[in-house]
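To start, the structure under review is shown below, and the notes come after it.
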Amino acid sequence: MHYYQHHIGDFIKATARLTDGQSMAYLRLLWMYYDSEKPLKPDSKVLAFQIGSTIEETELLLESFFWLAENGWHHTRCDEEIAEYRAFLAKKSNAGKASAERRKSKSSTDDEQVFNGRSTTEQLTTNQEPITNNQKKTVATKVARPELVSSQVWEDWLSIRRAKKLPLTDTAWTQILAEIDKSGHTVDVVIKECCLRGWAAFKVAWLKENPISATPAQAFAGDI
């Protein structure tokens, strides 16, 4: 202990009949007790040397304010103060460990949430095939490939959209389907034509000057 509560009133009352030298010797005994946090050695000769007092006066102080046990000279007030100090340290240590556990637990939870969030957004759609070493990694899309459109044509068109940083969202695909309906062509014909012309989207107005020459039947036959 590097600090203890010195009760001045109690000390003055207890040492009222002591000389200044005896009071100083008694204080030094208390300081040794608090500093070591254990009873004083049962050797009055060594203690007298350590506090700079006589053996006789040291023994008188020990017998007046301390009580002797197997492990040394005890002081009731010192034992109580040391016990409270150790309890305070233990409580503080437990609080620190609990706080560290809470931070660790929170960090693990946050990492798990981030991992789960990434896992969800990075899941592939059911229409995509497993990636092998010889295949390029594709970006998942919310829109499933139409049955009439071949896998190669669909991936080529998605590549065009990715190059132009245009993710295929449900909203974008709905608008494109509406334009395809207006054109009078099937989805496979239009998407293939978009690949040939490098279009990432489709509007009927774009066919006004350069219409699609293939009929739906011709386009479908070409994909076989």
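No value in this document is a laboratory result; all are computed from the given coordinates. Quick caveat: nothing in here was measured; it's all calculated off a predicted structure. Positions of Cβ are backbone-derived with ideal geometry, glycine not excepted, and every protein chain shown enters the neighbour counts.
What is the Cα convex hull volume of the range 151-223 when expressed per residue in Å³? List each step's numbers first, then the result.
Numbers: hull volume 6.2 nm³, N = 73.
Convex hull volume per residue, Cα atoms: 85 Å³.
All other residues whose Cβ lies under 14 angstrom from that of Ala83 are scored, Lys and Arg at +1 and Asp and Glu at -1, for a net of -1. A Förster radius of 45 Å, combined with the Cβ-Cβ distance separating Leu68 from Lys92, puts the computed FRET efficiency at roughly 0.85. Along the Cα-to-Cβ line of Glu147, 7 Å from the Cα, sits a label point; which residues in the range 170-193 have backbone N less than 15 Å from it? Taking a point 7 Å out along Cα→Cβ of Glu147, the residues of the range 170-193 whose backbone N falls under 15 Å are 187-188. A straight Cα-to-Cα reach below 19 Å connects Lys165 with the lysines Lys136, Lys137, Lys142, Lys203, residues fewer than 8 places away in its own chain not being considered.
Computed over the Cα atoms of the range 1-122, what is the convex hull's projected area averaged over all directions, in nm²? If you can, show how the numbers build up before the last one.
Details: hull surface 44.5 nm².
Here the figure is 11.1 nm², rounded to one decimal.
If the chain linking Glu59 and Lys182 were pulled fully straight, counting 0.36 nm for each residue of separation and taking away their Cα-Cα distance, it would gain 32.9 nm.
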